[in-house]
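K.L.:
Before I ask anything, let me first share the structure, which is written out below as structure tokens.
The values are calculated or read from the model by the stated rules, or taken from the named source; none is laboratory data. What you are looking at is a predicted structure, and each value in this text was computed from that prediction instead of being measured. Cβ placement follows ideal geometry from the backbone for every residue including glycine, while neighbour counts extend to all protein chains displayed. SASA here: full protein model, heavy atoms, side chains in, ligands and nucleic acids out. Shrake-Rupley method; radii C 1.70, N 1.55, O 1.52, S 1.80 Å.
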Amino acid sequence: MCPSSAPTLTPDRFALRRETHFDARVVRCYAQRPHSVLQMFERSRARGPMRDALIFEGQRWSWQALHEQAARLAHHLSVQGVAPGDRVVLLVSNRPEFILALLACLQCGAIAVPVSVREQGPGLAFILTQCAARAVVYDDALKDRLPGAADAPALTLRLGADAARQICESTGPQLETAHAVSEEDTAAILYTSGTTGRPKGAMLSHLGIVHSSIHYEQIMRFGSDERAALAVPASHVTGLVALITAMWQVGGALVILPQFKASDFIAVAARERITYAMLVPAMYALCLLQPEFGQADLSAWRIGAYGGAPMPEATIETLARTVPGLTLMNAYGSTEVSSPATAMPIGDQAAHLDSVGKALPCVDIVVVDDDGIEVAPGQTGELLIGGPMTVRGYWDNPQASAKEFVGGYWRSGDLGAVDENGYVKIFDRKKDMINRGGYKIWSVEVENTLVGFPGVIEAAAVGMPCPVLGERVHAFVHATEPAPDPVALRAWCAERLSDYKVPETVTVRPEPLPRNANGKLLKREMRGWLQPAT
């Protein structure tokens, strides 16, 4: 049984208590919290309706303006047949229409399904069908990627972002009353690839997103004067939670960049007096390469969070000299835990460069061996992550849910350790994942695509070391004669995969790929082939 949604008033607004959620999970929760994602937004609107809420290329929206414009779009969705609980895919890039469409979904009780604008036709068709999406809001330039009616039979409304903007800015009717939701209701579905190569829709609840947003507020000491730069994709869990809803929780302004370009980021950060950004380490490295970085006034930039890959020590040292007021904070999380599970406490980064920080207040991390037995502090095992932010499971996929969640904990697949002082370290990945500048690429998805090419017998995708991005995708292919052209293989992948998943280099071999006695591909051996000779 879930507790009452009414918060318990305590002297400490970050006070915790144990509650039961999601089929009798017992988890630590914030006693005082908003009831839903929309309530976070509405509380900030009530505190300062005319304050800046959104900034994009010099245009500004107040909290009140965002509310009214989104309410017009919510009314339109409702009269077009979008009902509470229906799924609405957001194939929208970093632009105000993403925020407006997300808010409109929340107001009318629909479930938002943000999808990367890099997703190609086959993947998009699968997502639309798997979640039985009722509507899609899309960048007009991506219209041709949408599947036909036969391939997405539940899809009854297709709305271009330009038309959505016109609705928002019109004088048309607004949705009068937002649909009421339960904390445990799904607010958003984010698709993440799995070991089968088919993406799985992680169901992020209102409860989970609210707790993750409060985690960011508490650990990063956010206030209502924050100005956050959204330079990562809004459709990713980092953009959605670490930036969008985190600012809704505290009433800070969100500054959207259409895409990350180091020179543009520096200019916007200086002009808008950015106080917070969440980037991947490669983005910081690219900023340091810009001659204007050292001359720009970045004195307002207080928190530089990062995740997805280790931060080179040289980058940390150069940032400390160039932006002395900037505090770097490592964070670790995933879609399945609604973004952060750990974060480095302010002031601890320099002494713990090999750590991703400590478990956040409502997070429980257990490190287990291959038999599922908890290991001693400092010992290596797989990280299991539990808490109110851990998702219930995957949309309409009970098999994957049963496999990857146990007792309310998510099996992360990451090998790591927690030392006696609570600092978490990540050593390796149990799953065959490639990390390209913070973008997680499941090798099996690339391999399954390559095997579909005529003449390809087997394929293996591995991470090739890269000093800027950490890893790039390299593919080894065993094929029949005549050997396929690597350029043709890359073009084949580009038509079927997001661009960052496409192998940048391909080795075609007439011999079978190496396997062990159990038939498993020896990827470690293949990675060794990519190392320079010494």
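K.L.:
Can you tell me which residues in region 350-382 are in a strand (DSSP E or B) and either hydroxyl-bearing (Ser, Thr, Tyr) or farther than 19 Å from residue 216 by Cβ (or both)?
P.N.:
Hits for region 350-382 are 366, 367, 368, 374, 381, 382.
K.L.:
A further question on this structure: Only one residue in 444, 456, 473 is over 30 Å from residue 348 (Cα atoms), out of contact with any strand residue (DSSP E or B) (no Cβ under 6 Å at 6 or more places or on another chain) and open to solvent by less than 70 Å² (accessible area, probe 1.4 Å). Which one?
P.N.:
Exactly one of 444, 456, 473 is over 30 Å from residue 348 (Cα atoms), out of contact with any strand residue (DSSP E or B) (no Cβ under 6 Å at 6 or more places or on another chain) and open to solvent by less than 70 Å² (accessible area, probe 1.4 Å), namely 444.
K.L.:
When region 11-28 is examined, which residues are found to be part of a loop (DSSP other than H, G, I, E, B), closer than 30 Å to residue 401 by Cα, open to solvent by less than 80 Å² (accessible area, probe 1.4 Å) and out of contact with any Asp or Glu (no Cβ under 8 Å at 6 or more places or on another chain)?
P.N.:
24
K.L.:
Could I ask something else about it? Only residues in region 275-297 that are over 24 Å from residue 440 (Cβ atoms) count as the first member; pair them with residues that are modelled with pLDDT of 90 or more and among the acidic types (Asp, Glu), Cβ under 9 angstrom, at least 6 apart or cross-chain, and list the lot.
P.N.:
As it stands, the answer is 275/225; 275/226, since those pairs meet every condition given.
K.L.:
If you go through region 254-264, how many residues are surrounded by fewer than 23 Cβ atoms within 10 Å (Cβ to Cβ) and either closer than 18 Å to residue 53 by Cα or among the aromatic types (Phe, Trp, Tyr) (or both)?
P.N.:
3
K.L.:
Where residues in region 172-199 are β-branched (Val, Ile, Thr) and under 20 Å from residue 233 (Cα atoms), which of them is least open to solvent (accessible area, probe 1.4 Å)?
P.N.:
My answer is 189.
K.L.:
In this structure, is residue 393 modelled with pLDDT under 95 and under 19 Å from the mean Cα position of the chain (by Cα)?
P.N.:
no
K.L.:
What's the number of the condition residue 238 fails, among (1) touching a Phe, Trp or Tyr at 6+ places or on another chain (Cβ under 9 Å); (2) touching a residue at least 60 places away in the same chain (Cβ under 8 Å); (3) crowded, with 18+ Cβ neighbours inside 10 Å?
P.N.:
Result: residue 238 passes all but (1).
K.L.:
Related question: Filter region 84-126 for residues that are outside any helix (DSSP H, G or I) and within 16 Å of residue 176 (Cβ to Cβ); which is farthest from the chain's Cα centre (by Cα)?
P.N.:
Of everything passing the filter in region 84-126, 84 is farthest from the chain's Cα centre (by Cα).
K.L.:
State the number of residues belonging to region 449-499 that are out of contact with any Leu (no Cβ under 8 Å at 6 or more places or on another chain) and polar (S, T, N, Q).
P.N.:
2
K.L.:
Another question, if that's okay. Please find, within region 356-399, the residue that is farthest from residue 417 (Cα to Cα) out of those that are buried (at least 19 other Cβ atoms within 10 Å of the Cβ) and small (Gly, Ala, Ser).
P.N.:
If we take residues in region 356-399 being buried (at least 19 other Cβ atoms within 10 Å of the Cβ) and small (Gly, Ala, Ser), then 393 is farthest from residue 417 (Cα to Cα).
K.L.:
Just to be sure, is residue 33 basic (Lys, Arg) and open to solvent by 20 Å² or more (accessible area, probe 1.4 Å)?
P.N.:
Answer is no for this residue.
K.L.:
For region 128-144, enumerate the residues that are surrounded by fewer than 23 Cβ atoms within 10 Å (Cβ to Cβ) and among the β-branched types (Val, Ile, Thr).
P.N.:
129 - this is the single residue of region 128-144 that is surrounded by fewer than 23 Cβ atoms within 10 Å (Cβ to Cβ) and among the β-branched types (Val, Ile, Thr).
K.L.:
Let me ask something additional. Please go through region 206-240 and pick out each residue that is within 26 Å of residue 347 (Cα to Cα) and either in contact with a His (Cβ under 9 Å, 6 or more places away or on another chain) or basic (Lys, Arg) (or both).
P.N.:
Scanning region 206-240 gives 210, 221, 227.
K.L.:
How many residues are more than 30 Å from residue 12 (Cα to Cα), over 23 Å from the mean Cα position of the chain (by Cα) and in contact (Cβ under 8 Å) with a residue 60 or more places away in the chain if we restrict to region 349-384?
P.N.:
Count: 0.
K.L.:
Now for a different question. Can you work out which of the residues in region 407-421 that are modelled with pLDDT of 95 or more and open to solvent by 20 Å² or more (accessible area, probe 1.4 Å) is nearest to residue 126 (Cα to Cα)?
P.N.:
The extreme case among them is 411.
K.L.:
Same structure again: With 267, 300, 282 as the choices, which residue is out of contact with any helix residue (DSSP H, G or I) (no Cβ under 7 Å at 6 or more places or on another chain), of a type in the set (Gly, Ala, Ser) and open to solvent by less than 20 Å² (accessible area, probe 1.4 Å)?
P.N.:
Every option except 282 fails the conditions.
K.L.:
Here's something else I'd like to know. Given (1) charged (D, E, K, R); (2) out of contact with any Lys or Arg (no Cβ under 9 Å at 6 or more places or on another chain); (3) open to solvent by 30 Å² or more (accessible area, probe 1.4 Å); (4) within 24 Å of residue 61 (Cα to Cα), identify the lone condition not met by residue 169.
P.N.:
Going through (1) charged (D, E, K, R); (2) out of contact with any Lys or Arg (no Cβ under 9 Å at 6 or more places or on another chain); (3) open to solvent by 30 Å² or more (accessible area, probe 1.4 Å); (4) within 24 Å of residue 61 (Cα to Cα) one by one, residue 169 breaks only (2).
K.L.:
Please go through region 397-442 and pick out each residue that is of a type in the set (Ser, Thr, Tyr) and in contact (Cβ under 8 Å) with a residue 24 or more places away in the chain.
P.N.:
409, 412, 423, 439
K.L.:
Can you tell me which residue among 78, 44 is in a helix (DSSP H, G or I), touching a strand residue (DSSP E or B) at 6+ places or on another chain (Cβ under 8 Å) and at pLDDT 95 or above?
P.N.:
44
So that you can scan it fast, the table gives a plain yes or no per residue for (1) under 28 Å from the mean Cα position of the chain (by Cα); (2) over 22 Å from residue 465 (Cβ atoms); (3) surrounded by 15 or more Cβ atoms within 10 Å (Cβ to Cβ); (4) at pLDDT below 90:
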{"position": "490", "(1), (2), (3), (4)": "yes, no, yes, no"}
{"position": "498", "(1), (2), (3), (4)": "yes, no, yes, no"}
{"position": "511", "(1), (2), (3), (4)": "no, yes, no, yes"}
{"position": "515", "(1), (2), (3), (4)": "no, yes, no, yes"}
{"position": "519", "(1), (2), (3), (4)": "no, yes, no, yes"}
{"position": "523", "(1), (2), (3), (4)": "yes, no, yes, yes"}
{"position": "533", "(1), (2), (3), (4)": "no, no, no, yes"}
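K.L.:
Would you check if residue 424 is crowded, with 21+ Cβ neighbours inside 10 Å, of a type outside the set (Gly, Ala, Ser) and over 21 Å from residue 207 (Cβ atoms)?
P.N.:
Criteria met by residue 424.
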